[in-house]
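Notes follow the structure.
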């Protein structure tokens, strides 16, 4: 139990950054049968590898191995390699309630492998948001 309080306090300190205060989660960039995905335009960074914070708001509780209890939303920092048409996740934060609310249940900071988003998937929408076709 002490570990959970420590993790919640740490997540609150680490992730109480401007993107949380400025996030505009009003209009989803894509809706699937499982979730709505929102992009925080305040954090979209144009660079060699553009990145943005995405909020995934799920209709049903989700489960990830090693994470208890289940979560209802997740924020992820995604970055794109527009030239190579690839996307990867850099950070994840899991929340107990929808829309990034409630307790921060866990987080990961890593650089996943680059991958090509599956057409018509949520990740394809994120890629399109970061790398709009001209």
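Worth pointing out:
- Close pairs (8 angstrom Cβ cut-off, 6 or more residues apart or separate chains): free of Cβ contacts under 8 Å to residues at least 12 places away in the same chain in segment 32-55, buried (at least 16 other Cβ atoms within 10 Å of the Cβ) anywhere: 45/51; 45/52
- Count of residues meeting criterion [in contact with a strand residue (DSSP E or B) (Cβ under 9 Å, 6 or more places away or on another chain), part of a loop (DSSP other than H, G, I, E, B) and either at pLDDT 90 or above or surrounded by 11 or more Cβ atoms within 10 Å (Cβ to Cβ) (or both)] in segment 28-49: 7
- The set of residues in segment 92-134 being closer than 15 Å to residue 49 by Cα and touching a strand residue (DSSP E or B) at 6+ places or on another chain (Cβ under 7 Å) consists of 111, 112, 113, 114, 115, 116, 126, 127, 129, 130, 131.
- Residue satisfying all of: in segment 106-121; modelled with pLDDT under 95 and not in a loop (DSSP other than H, G, I, E, B); surrounded by the fewest Cβ atoms within 10 Å (Cβ to Cβ) among these: 109
- Matching option when the condition is in contact with a strand residue (DSSP E or B) (Cβ under 8 Å, 6 or more places away or on another chain), in a strand (DSSP E or B), on the phi < 0 side of the Ramachandran plot and free of Cβ contacts under 8 Å to residues at least 12 places away in the same chain, among 61, 69: 61
- One residue stands out among those in segment 55-76 that are under 16 Å from residue 110 (Cβ atoms) and at pLDDT 95 or above: the one that is surrounded by the fewest Cβ atoms within 10 Å (Cβ to Cβ), which is 76.
- Matching residues, segment 77-88, being in a strand (DSSP E or B) and touching a helix residue (DSSP H, G or I) at 6+ places or on another chain (Cβ under 9 Å): 77, 78, 79, 80, 86, 87
- Cβ pairs under 7 Å, 6+ apart, first in segment 91-117 and at positive phi, second in a loop (DSSP other than H, G, I, E, B): 99/25; 102/96
The values are calculated or read from the model by the stated rules, or taken from the named source; none is laboratory data. None of these values were measured; they are calculated from a predicted model. Note that we place each Cβ from the backbone using ideal geometry, even for glycine, and neighbour counts take in every protein chain shown.
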